[in-house]
Amino acid sequence: MTPSVPQINPDRLHQRIADLAAVGAIDGGGCARLALTDADRAGRDLVCGSMRELGLAVSVDAIGNVVGVRAGRSDGPPVMTGSHIDTVRTGGRYDGNYGVLAGLEVVAALNDAGLTTEHPLAVAFFTNEEGARFAPDMMGSLVYTGALPLAEALAVQGIDGATVGDELARIGYAGPAPVPAAAPRAFVELHVEQGPVLDREGIDIGVVESVQGISWTEIDIRGTSNHAGTTPMSMRRDAGWAAGEIIAFVRELATELGGDQVATVGRIEFFPNLVNVVPNRAVLTVDLRNTDEALLQRAEARLAAHLAALRDAEKVEISTRKLARFAPVPFAPEMTDRIEGHARALGLTTRRMPSGAGHDAQMLAAVCPTAMIFVPSVDGISHNVREYTEPKHIEAGAQVLLAVLSELAGA
Ligand code: HGY
Ligand code: MN
Ligand code: MN
Ligand code: MN
């Protein structure tokens, strides 16, 4: 049979997205599949089943990354696409999932066309991209590329006390494939923007040139528990008040530094967390990001100085733990040019831009030519069940991915 021109099947792609969104579904149309939970296992089982139905050779590695490979005419490293299928607690249906499922749709389109590419083509999902349960984020792709030792990753204890190693074994995804893995020939990640830029400017495709720097710090404040009614204000060592002061400082810091600086306190816990006890401990996280490494370091230094001053003023103990730290990562110009060229050839509008969110692609960029394709997020909403991308953009992103992968793999 002479091969035909591969075509994305929109209905099939939308159905894959709906089917995966039904796993760990939560009110409002989103999904909650924190890394290595039973819901994550169910999502993994569904996607691995789809990979096998498409004829991919599926392998699972020692940190639970899953790679499905479609044979090429020649052997050698595959051209790879992929992302993640773990989510945050308030996950939308597109974050990560879309890039993996669009990769499967590219395989289906090539299968339908009866086309064999010169090089093998791989679709991957990486373990624990979100880092919400186990830090750091992009854990699976860090181990895959050799940037994080496997033993260190397996020993990480999550916010609920479980370790990565135990949870991987419990859900049956501690696989035999060795890590770090051999580098792919190239890597392309399709992802929703998760920010407002493309939607606001009415642009179809984001050509992602870099990922901004990320700094995650956990701050542990120790004070003295005391009676809320009997303890004079002058006698308090109030860990709760100190935490609140840090939250206010973090917001002021981002406002003062301006530009691309963003700062977030996303997680906080009080102990004993009771209405009538002055907290003796507070644990909170600070997420600082900037496209400029020097400015990110300046923000980190300002935070550290503030904590030292607060410790003395409130007479509390403050210790910190770095949960994640990544410098900004540029993508390969020949890859961004390729994405831009194919998007424009398809009649789509494009815009070059950095990524505000972290992605597995920023880890693959260390080992092979890598770039990302963004599609618009309506109102820039993500990490929220209201995350939404219009069907025409879901399809456009997959078309661009098909064109780029076909060229890279030699269709
Ligand atoms: O935090 C991030 O940017 C990504 O969602 N892990
Ligand atoms: Mn993501
Ligand atoms: Mn995310
Ligand atoms: Mn990502």
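Of note:
- Subset of region 182-195 that is assigned to a loop (DSSP other than H, G, I, E, B) and within 16 Å of ligand 3 (Cβ to nearest atom) - its residue that is farthest from residue 409 (Cα to Cα): 195
- Residue check for residue 370: closer than 19 Å to residue 98 by Cα, of a type outside the set (Lys, Arg) and within 16 Å of ligand 3 (Cβ to nearest atom): no
- Counted as qualifying within region 312-391 are the strands (runs of 3 or more DSSP E) with 2 or more residues that are among the basic types (Lys, Arg) and either without any contact (Cβ under 8 Å) to a residue 12 or more places away in the chain or in contact with a Gly (Cβ under 9 Å, 6 or more places away or on another chain) (or both), namely 350-355.
- The listed residue being more than 16 Å from ligand 3 (Cβ to nearest atom), over 19 Å from residue 210 (Cα atoms) and aliphatic (A, V, I, L, M), out of 364, 402: 402
- So residue 123, is it under 18 Å from residue 362 (Cα atoms) and touching a residue at least 12 places away in the same chain (Cβ under 8 Å): yes
- Those residues of region 255-264 which are free of Cβ contacts under 8 Å to residues at least 12 places away in the same chain and within 15 Å of residue 306 (Cα to Cα), in sequence order: 256
- Meets criteria (in a strand (DSSP E or B) and either open to solvent by less than 10 Å² (accessible area, probe 1.4 Å) or in the same structural domain as residue 393 (by TED's automatic domain parsing) (or both)) for residue 124: yes
- Scanning region 361-388 for residues that are closer than 16 Å to residue 207 by Cα and among the charged types (D, E, K, R) yields a count of 0.
- Test: residue in region 141-150 that is open to solvent by 30 Å² or more (accessible area, probe 1.4 Å) and free of Cβ contacts under 8 Å to residues at least 12 places away in the same chain: yes
- Considering residues of region 83-97 that are over 12 Å from the mean Cα position of the chain (by Cα) and under 14 Å from residue 18 (Cα atoms) only, the residue farthest from ligand 1 (Cβ to nearest atom): 93
The values are calculated or read from the model by the stated rules, or taken from the named source; none is laboratory data. None of these values were measured; they are calculated from a predicted model. Please note: Cβ atoms are built from the backbone with ideal geometry, for glycine as well, and neighbour counts cover all protein chains shown. SASA here: full protein model, heavy atoms, side chains in, ligands and nucleic acids out. Shrake-Rupley method; radii C 1.70, N 1.55, O 1.52, S 1.80 Å.
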